[in-house]
Amino acid sequence: ATVIALAKACQPTLVLLGRSPLPAQEPTWAHGLEEGALKKALLQNEFGGKASPKDIETRYKALLAQREVHQTLDAIRAAGAQVEYRSLDVRDQKAVEAMLQEVQKSFGPVQGLIHGAGVLADKRIAEKTDEMFDSVFATKVVGLTNLLTPLRDVALKGIVLFSSVTARFGRPGQVDYCMANDLLNKTAALEAKRRPQCRVVSLNWGPWGGGMVTEGLKKEFQRLGVGLIELEAGANALVRELSTPPGGAVEILY
């Protein structure tokens, strides 16, 4: 939602990074089919008429995700922006450095960075493993370090970090997530001082009506009386903050 809004606002060249390989286009027999018809078509075309409901549901969700990726890329191009997708893990320093070298060779100097990567592994401290902590913490903090280090001497015009209100208020089971997001806030403050000509902002989002907020989490937020940020509203907020001149507030709560 955010990159589509950005594409509509200023038609930039966008390079999207994600751990998932770029999926193939969906099969022709699936074009235009929605939930019920799509599941029936899956059963006939991929399972030969025999499959468990669980298997069908798993494949159905994968096909929807595949469809969403290509719809997003199509929407960005329709808005007049150029877009490329690169599959890598931002925690891999060498992979990030090689990607940045290739991107700058192909498209010219990087002018902006939006760091929105994040994973959750909610558990109370006594139940949280080192692997869980490392996955949550490194995706945000190490990932950002790996992106910023090769760009330290590049005259960026904008840096946007996706932080969270948990950095300020905490949340049960999210000690690693809270720490990581607070470090994003502190890094943004440092970068703003280092780059006075660059708009640097760390957006401390509340829960969105999508993304990592699953149906179960939505119900929990509703129980607590916490409203969700609609996708369009959040996307427009990012464009607005990125368009603000340098020198304003760095840490913004939404």
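The values are calculated or read from the model by the stated rules, or taken from the named source; none is laboratory data. The structure displayed is predicted, hence computed values, not measured ones. Because the Cβ atoms are built from the backbone with ideal geometry, glycine has one as well, and the counts that use them run over all protein chains shown. Only protein heavy atoms, including side chains, enter the accessible area calculation; ligands, DNA and RNA are left aside. Shrake-Rupley method; radii C 1.70, N 1.55, O 1.52, S 1.80 Å.
Using only DSSP helix segments of four residues or longer, with each worth -39500 (n - 2.57), what per-residue ellipticity at 222 nm results for the chain after dividing by its residue count and rounding to 500?
After summing the helix terms and dividing by the residues of the chain, the value is -16500 deg cm²/dmol.
Any chance you could give the angle, 0 to 90 degrees and rounded to 10, that helix 93-107 forms with the longest Cα principal axis of the chain?
Around 90 degrees separate the two axes.
Choose one of Leu147, Tyr177, Ala189: the residue whose Cα lies farthest towards the positive end of the charge dipole of segment 146-215 (beta-carbon charges +1 Lys, Arg; -1 Asp, Glu; about the Cα centre).
Comparing the listed Cα positions along the dipole, Ala189 ranks first.
Tell me whether segment 141-199 comes out rounded, prolate or oblate; compute the Cα gyration tensor, take square roots of the eigenvalues as a ≥ b ≥ c, and use a/c under 1.5 as the rounded threshold.
The shape class here is prolate.
Please report, as a whole percent, how much of the solvent-accessible surface of segment 21-98 comes from carbon and sulfur atoms (probe radius 1.4 Å).
Values: 2540 of 4870 Å².
After summing per-atom areas, the C and S share lands at 52 percent.
Sum up the lysine pairs in segment 50-158 that clear both bars: alpha-carbon distance under 30 Å and a spacing of 8 or more or different chains.
15
What do you get for GluC sites (Glu not before Pro) in segment 13-59 restricted to DSSP loop and a cutoff of at most 10 other Cβ within 10 Å of the site's Cβ?
Values: sites: Glu34, Glu35, Glu46, Glu57; in loops: Glu34.
Within segment 13-59, the qualifying GluC sites (Glu not before Pro) (loop, at most 10 other Cβ atoms within 10 Å) are Glu34.
If the viscosity is 1.002 mPa s and the temperature 20 °C, what Stokes-Einstein diffusion coefficient in µm²/s follows for segment 16-82 when Rh is the Kirkwood radius over Cα pairs?
My calculation gives 162 µm²/s for D.
Mind jotting down the distance between the C-alpha centroids of segment 211-254 and segment 1-68, whole Å?
Cα centroid to Cα centroid, the span is 25 Å.
With the chain treated as a Gaussian network of Cα nodes joined by springs under 10 Å, which of Arg240, Arg59, Arg91 yields the largest mean-square fluctuation?
Between Arg240, Arg59, Arg91, it is Arg59 that shows the largest mean-square fluctuation.
Taking the 0 to 90 degree range and rounding to the nearest ten, how far is the long axis of helix 130-148 tilted relative to the main principal axis of the chain, both from C-alpha atoms?
Taking the Cα atoms of the chain, the angle to 130-148 is about 60 degrees.
Quick one: ranking Trp205, Trp29 by accessible area, 1.4 Å probe, largest first, what do you get?
Trp29, Trp205
Report, in debye and to the nearest 20, how large the dipole of the chain comes out about its Cα centre when Lys and Arg carry +1 and Asp and Glu carry -1 on their Cβ.
The dipole of the chain has a size of about 360 debye.
Tell me the carbon and sulfur percent of the accessible area for segment 159-254, rounded to whole percent, probe radius 1.4 Å.
C and S atoms contribute 60 percent here.
Using unit Cβ charges (K, R positive; D, E negative) and no other charged atoms, how large, in debye to the nearest 20, is the dipole of segment 157-196 about its Cα centre?
With only Lys, Arg, Asp and Glu charged at Cβ, the dipole is about 240 debye.
Size of the dipole of segment 20-86 about the Cα centre, Lys and Arg at +1 and Asp and Glu at -1 on the beta carbon, nothing else charged, in debye to 20? Provide the component values of the computation, followed by the final result.
On the way: 9 positive and 9 negative charges, 33 e Å.
Dipole about the Cα centre, nearest 20: 160 debye.
Name the residue from Val110, Pro246, Val201 whose Cα lies farthest towards the positive end of the charge dipole of the chain, charges +1 on Cβ of Lys and Arg and -1 on Cβ of Asp and Glu.
Looking along the dipole axis, the top candidate is Pro246.
How big is the Cα convex hull of segment 155-254 in projection, averaged over all directions, in nm²?
Projected over every direction and averaged, the Cα hull of segment 155-254 covers 6.5 nm².
When only Cα pairs under 8 Å and 6 or more residues apart are kept, what is the percent relative contact order across the chain? Mind showing how you got there, number by number?
On the way: 336 pairs, mean separation 51.4, N = 254.
Reported as a whole number, the value is 20 percent.
Which of Gly143, Gly227, Gly158 moves most in a GNM of the chain, Cα contacts under 10 Å?
Among Gly143, Gly227, Gly158, the largest GNM mean-square fluctuation belongs to Gly227.
For the chain, taking Cα atoms only, what is the radius of gyration to one decimal and the Dmax to the nearest whole Å?
When restricted to Cα atoms, the chain yields Rg and Dmax of 19.7, 62 Å.
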